[in-house]
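See below for the structure under consideration.
The values are calculated or read from the model by the stated rules, or taken from the named source; none is laboratory data. The structure presented is a predicted model; accordingly, all values stated were derived computationally and were not measured. Here the Cβ positions follow ideal geometry from the backbone for every residue, glycine too, while neighbour counts run over all protein chains shown. Just the protein is used for accessible areas: all its heavy atoms, side chains included, with ligands, DNA and RNA removed. Shrake-Rupley method; radii C 1.70, N 1.55, O 1.52, S 1.80 Å.
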Amino acid sequence: QVQLVESGGGLVQPGGSLRLSCTASGPIFYMYAMRWYRQAPGNERELVAVISRGSSTIYGDSVKGRFTISSDNAKNTGYLQMNSLKPEDTAVYYCNADLGVTGLGRKNDYWGQGTQVTVSL
C-alpha cells in the first residue's frame, strides 16, 4: 500500500523558515512529479510548487523567491523549503505525487494527509 507522509509543519514567527518533507512509501518504482498545495480556512486549495523528475520547477506567484521545492528521487521524498514566511502563508500544506506503483502501472495519483503551518507572533 502506498502512502505519502508529510512532516515539518508547525508554528513560526513572521520572517522565519520551515522545511516540509513528504516521503512516499510502498511498492514504488518511479516518482514522476511531486506537488505541494495549501489550503487556508475558507479558501480554495492553492498550488504552491511543482517539481518534475527532471527537476523542472514551477511556483505559485505568491511564493516565488521565498519557497524552494526539491526532491530526492532515490528516497521518494520531496521537500519544500519555506523562507521569509508571512502570516498569509498560514494553511494546511498537502503533498501530492505522481507515482509508478508495482502492479498498478505508471502515474498513479496520491495525496498526503496534510501538515499545518501557522505563521504568527
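So here's what we get for this one:
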{"quantity": "Any strands (runs of 3 or more DSSP E) falling wholly within the stretch 1-116 and containing at least 2 residues that are open to solvent by less than 70 Å² (accessible area, probe 1.4 Å) and in contact with a Gly (Cβ under 8 Å, 6 or more places away or on another chain)", "calculated": "3-7, 18-25, 28-39, 46-52, 67-72, 91-101"}
{"quantity": "Candidate set from the stretch 96-117 (those that are within 14 Å of residue 76 (Cβ to Cβ) and of a type outside the set (A, V, I, L, M)); member that is farthest from the chain's Cα centre (by Cα)", "calculated": "102"}
{"quantity": "Residue list for the stretch 35-73, filter: basic (Lys, Arg) and modelled with pLDDT of 95 or more", "calculated": "35, 38, 45, 64, 66"}
